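To start, the structure itself, in structure tokens.
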């Protein structure tokens, strides 16, 4: 833990060079849509937000989105081994299934168990990632308790664009990709494709057989403008194979397929914008030839209709109202047995219909946003969620925000029908309060403090009063309660050719009944990202320090420090070489008890763009 304290101090001290001298462009202003479902500047958002832009994505040389997220404190990652293995994201200490993941604004979390497959999302196909911390069930429904991660897929620039890349690195990593797009006055289209292979490394620390990963991904889009009407069709998918080891260390593998097909029509009037979205989401996992039972599978297929209306009929009052209709079918088979007691011999159909309303208005220097949503769910009936937020300027450089909110998570099919399933489960409910203070003496220098407190009731836990061999079988019950309280400190700045982004989180995620620390979440996390421009070239440093964590069986996972070096070398006008030296200190650490993590290695990509 001494290493974590040291790095936290270094990270906070590293930004002292940043002075409020003017810069050519602001690095703190990003446009995002996730916080309010409307396009706003990031500095106008009342809840805490993080935007990972295209430059940071390219700088990272990451092979999946999870690697992008982990260098922002307050977003913790757990991974069951190497590339492609099951990956979880915890935001502000909440459970991993309390993180809602969207792609282009559409939910991609599976309806069975666990979170979205972040390990299968290729950064090369991503334009930016928007993260909103805190509850957002008032706008997006289930899972949005800890926060929302919205992954915006890549579109082309104006005119014609052509690009390609190859990459290589440790553990037999090799990959390639290409993209092309064209935009005219009324029409635009583009397609990107990537392929990635890695031999990986042993899943468990006490194994010696490498487990590989293969992922082929594509993103295609077509857009047409006809006066005030814009039509867009898009399709993203990733498919491949993940090798892993089971509990007995036997080699296994599984095939995966993730797909999102989206049709959208938007009409822009003078004071009214209406947007209709139709989407289909597919999440399939099928056990491969090496599996104990190759017929085992788990599937989610979801159809969504969302109609959003943005109204600016009264000056100073912004209204957003909408309807969301979702129909989801889940199915699965484990060790040859279908999901227990599920209707339709292992299949479960669930409808979730909702109406939402948000109002934003200003009174002098004060801004208020209120949002509410009523969700009608097949399993448990209705649930109401809401957010109330306030922000104000405190002079020229200071500003303050405060918010309260209620979120929920609907029980998944595995909670309801798998081993220990209970069809009478109710949703998990959260209540959150947060307060923020920012000091921004000029557009390229910001110091921020945020305090948060979240309580989650009716957590679903397995309860077996008579023990495994007792007369009465155990089952899932709404008996858990959690409390998370903490503080976040951040400093972002740009001065000349230097940019810096440092964050420190001090939190207490605990079981409210026992006081025990929640699993796989640290009480102290610090991150720092430092870059130095050298003309057309660039050098960078990434640092992450995490404190001790607790895992199943009351195992204690030691704290760790990761340091990465990054570099960009502009070889010619259209050619760039990017490299990352990962885990510079060759830190031996665990994210999950007994599972391996990557050691020191070099990863590089050569990219062409026109």
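The values are calculated or read from the model by the stated rules, or taken from the named source; none is laboratory data. Computed from a predicted model, the values in this text were never measured in an experiment. Note that we place each Cβ from the backbone using ideal geometry, even for glycine, and neighbour counts take in every protein chain shown.
A few comments on the model shown:
- When residues in the stretch 248-266 are screened for being surrounded by fewer than 16 Cβ atoms within 10 Å (Cβ to Cβ) and either on the phi > 0 side of the Ramachandran plot or touching a helix residue (DSSP H, G or I) at 6+ places or on another chain (Cβ under 6 Å) (or both), 1 of them pass.
- Within the stretch 136-148, the set of residues being assigned to a loop (DSSP other than H, G, I, E, B), over 14 Å from the mean Cα position of the chain (by Cα) and over 16 Å from residue 108 (Cβ atoms) is empty.
- Qualifying residue in the stretch 537-552 (condition: more than 24 Å from the chain's Cα centre (by Cα) and modelled with pLDDT under 95): no
- If the condition is being free of Cβ contacts under 8 Å to residues at least 24 places away in the same chain and over 19 Å from residue 452 (Cα atoms), then the stretch 514-534 contributes only 514.
- All of 56, 76 fail the test of being assigned to a helix (DSSP H, G or I) and either at pLDDT 95 or above or touching a helix residue (DSSP H, G or I) at 6+ places or on another chain (Cβ under 8 Å) (or both), apart from 56.
- So residue 473, is it buried (at least 19 other Cβ atoms within 10 Å of the Cβ) and farther than 27 Å from residue 72 by Cα: no
- Within the stretch 525-536, the set of residues being surrounded by fewer than 20 Cβ atoms within 10 Å (Cβ to Cβ) and under 23 Å from the mean Cα position of the chain (by Cα) comprises just one member, 530.
- Annotation: residue 513 fulfils all but one of (1) under 30 Å from residue 570 (Cα atoms); (2) not in a strand (DSSP E or B); the unmet one is (1).
- Positions within the stretch 368-395 being over 30 Å from residue 348 (Cα atoms) and free of Cβ contacts under 8 Å to residues at least 12 places away in the same chain, in sequence order: 394, 395
- Filtering the stretch 492-517 to residues that are farther than 19 Å from residue 440 by Cβ and buried (at least 22 other Cβ atoms within 10 Å of the Cβ) leaves 505, 507, 509.
- Residues that are in a strand (DSSP E or B) and surrounded by fewer than 24 Cβ atoms within 10 Å (Cβ to Cβ), drawn from the stretch 151-165: 152, 153, 159, 160, 161, 162, 163, 164, 165
- Residue check for residue 114: out of contact with any helix residue (DSSP H, G or I) (no Cβ under 6 Å at 6 or more places or on another chain), buried (at least 20 other Cβ atoms within 10 Å of the Cβ), modelled with pLDDT under 95 and within 30 Å of residue 205 (Cα to Cα): no
Residue-wise test of (1) surrounded by 19 or more Cβ atoms within 10 Å (Cβ to Cβ); (2) farther than 25 Å from residue 50 by Cβ.
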| residue | (1), (2) |
| --- | --- |
| 436 | yes, no |
| 441 | no, no |
| 445 | yes, no |
| 450 | yes, no |
| 462 | no, yes |
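- Enumeration of residues in the stretch 166-196 that are part of a loop (DSSP other than H, G, I, E, B) and either crowded, with 19+ Cβ neighbours inside 10 Å or at pLDDT 95 or above (or both): 170, 171, 172
- The number of residues in the stretch 562-592 that are crowded, with 20+ Cβ neighbours inside 10 Å and either over 25 Å from the mean Cα position of the chain (by Cα) or not in a loop (DSSP other than H, G, I, E, B) (or both) comes to 8.
- Strands (runs of 3 or more DSSP E) lying entirely in the stretch 354-419 (those with 3 or more residues that are closer than 17 Å to residue 323 by Cβ): 366-377, 381-394
- Residue within the stretch 404-426 that is in contact (Cβ under 8 Å) with a residue 40 or more places away in the chain, surrounded by fewer than 16 Cβ atoms within 10 Å (Cβ to Cβ) and farther than 27 Å from residue 456 by Cα present: no
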